[in-house]
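The values are calculated or read from the model by the stated rules, or taken from the named source; none is laboratory data. Fair warning: this is a prediction, and the values are worked out from it, not measured in the lab. With ideal geometry, Cβ positions are generated from the backbone for all residues, glycine too; neighbour counts draw on all protein chains shown.
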Amino acid sequence: MTRKIDLHTHSTASDGSFSPKQLVRLAQEVGLAALALTDHDTVEGLAEAEQEAQKLQISFVPGVEISVKFEGPGHFHLLGYFIDYRHPALVETLTKLKEARACRNQLMLKKLQALGIDIQWEEVVAVSGGGEIGRPHLARILVKKGLVKDIDEAFEKYLAKGASAYVPKARLTPEEAFKVIHQAGGLTSLAHPYYLKLAPEELTAYIIHLKELGLDAIEAYYTDHSPEYTRFLLDLAQKLGLLVSGGSDFHGDNKPEIALGSGKGNLLVPEEVYLRLYEAWQKRR
Ligand SMILES: [Zn+2]
Ligand SMILES: [Zn+2]
């Protein structure tokens, strides 16, 4: 039987609801052979997760998911795997992004207040559980106040790109993102290619361009990829000589419909995906 893995997850260090330690424990409970923690623009959960994974003897991949500048219709997230999360260049880059994010949250809060919503910074801090604050926390407050029926509506009405309280995120250029992950000794993978929202031919051309910039892999296996789309990406990766990665994008209670290791019930990332990435990383060192 193929053992399954999950190389795309979030903890309380970004916008997930499980602590890094709880996440590793859950990975063991659901029988994962390998787990990557890939919080948004932060490596703060990695030491805790790595320690717990050593204890429980799960293969652990220190990762990160960086939001990258993209002029197209969707959004571009870049995964870094096997990173040295103490590398000075990486730490410095992520610290700068964090400062920019703090400003962004305050700006969105001000926009919500300007829309007549009674919402205070202390409430946002309280629902964040002490971790990195982001839009899901604002969304949860809007739900709690009965202003919207669920998280999706909160994003649609207020927090999504183009919505009334949206403020764009500070982002690295693709060049900067590839460079910093490689400096930290990691491999790069294009997260959920589907969400670039490009037609197949455009996507192919864009991935060829990214490969020239330093892309190592694409996330072929993903919760919201249909079997046909996964097949298309697996073929594309093979054609272009890229590795593949895969994961659920687990966020715990902040995206309750997505389960660790199995997504919406349809996901199975084979262990072989981890082994190939690991091998490539070892060769690179
Ligand atoms: Zn993402
Ligand atoms: Zn993610």
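Residue check, Y194 against (1) within 16 Å of ligand 1 (Cβ to nearest atom); (2) outside any helix (DSSP H, G or I); (3) not polar (S, T, N, Q), all met but one. Which one?
Y194 satisfies all of (1) within 16 Å of ligand 1 (Cβ to nearest atom); (2) outside any helix (DSSP H, G or I); (3) not polar (S, T, N, Q) except (2).
For C103, only one of the following conditions fails: (1) in a helix (DSSP H, G or I); (2) farther than 22 Å from G162 by Cα. What is its number?
Every listed condition holds for C103 apart from (2).
Being surrounded by 15 or more Cβ atoms within 10 Å (Cβ to Cβ) and more than 12 Å from F76 (Cα to Cα) is the requirement here; does A220 meet it? Spell out how you get there, then give the answer.
On the way: surrounded by 15 or more Cβ atoms within 10 Å (Cβ to Cβ): yes; more than 12 Å from F76 (Cα to Cα): yes.
Yes, satisfied.
Just give me the residues in segment 213-266 being part of a loop (DSSP other than H, G, I, E, B) and among the aliphatic types (A, V, I, L, M), in sequence order.
Those that are part of a loop (DSSP other than H, G, I, E, B) and among the aliphatic types (A, V, I, L, M): L215, L242, I258, L260.
What are the residues in segment 1-32 that are away from ligand 2 (no atom under 15 Å from the Cβ), in a loop (DSSP other than H, G, I, E, B) and within 18 Å of the chain's Cα centre (by Cα), if any?
S19
Cβ-Cβ under 6 Å, sequence separation 6+ or interchain: first residue in segment 237-251 and under 20 Å from G186 (Cα atoms) and in contact (Cβ under 8 Å) with a residue 24 or more places away in the chain, partner within 13 Å of ligand 1 (Cβ to nearest atom) and of a type in the set (G, A, S). Which pairs?
That search, which allows pairs on different chains as well, returns S245/S189.
Inside segment 118-134, can you point out the residues that are aliphatic (A, V, I, L, M) and within 13 Å of D15 (Cα to Cα)? Can you show your working first?
Of segment 118-134, the ones aliphatic (A, V, I, L, M) are 119, 124-127, 133.
Passing the criteria: V124, V125, V127, I133.
Would you call E219 in contact with a strand residue (DSSP E or B) (Cβ under 8 Å, 6 or more places away or on another chain), modelled with pLDDT of 95 or more and acidic (D, E)?
So E219 passes the test.
Could you please find all residues in segment 1-26 being surrounded by 20 or more Cβ atoms within 10 Å (Cβ to Cβ), out of contact with any Phe, Trp or Tyr (no Cβ under 9 Å at 6 or more places or on another chain) and modelled with pLDDT of 95 or more?
Residues satisfying the conditions are K4, S19, P20.
Tally time: how many residues in segment 33-57 are within 14 Å of ligand 2 (Cβ to nearest atom) and part of a loop (DSSP other than H, G, I, E, B)?
Residues that pass the stated criteria total 5.
Suppose we keep only residues that are within 16 Å of ligand 2 (Cβ to nearest atom), among the hydrophobic types (A, V, I, L, M, F, W, C) and buried (at least 19 other Cβ atoms within 10 Å of the Cβ) within segment 239-278. Which one would you say is farthest from E153 (Cα to Cα)?
V269
Among the residues of segment 58-73, write down those that are in a strand (DSSP E or B) and either of a type outside the set (G, A, S) or within 16 Å of ligand 1 (Cβ to nearest atom) (or both). Spell out how you get there, then give the answer.
So in segment 58-73, the residues in a strand (DSSP E or B) come out as 59-68.
Selection gives F60, V61, P62, G63, V64, E65, I66, S67, V68.
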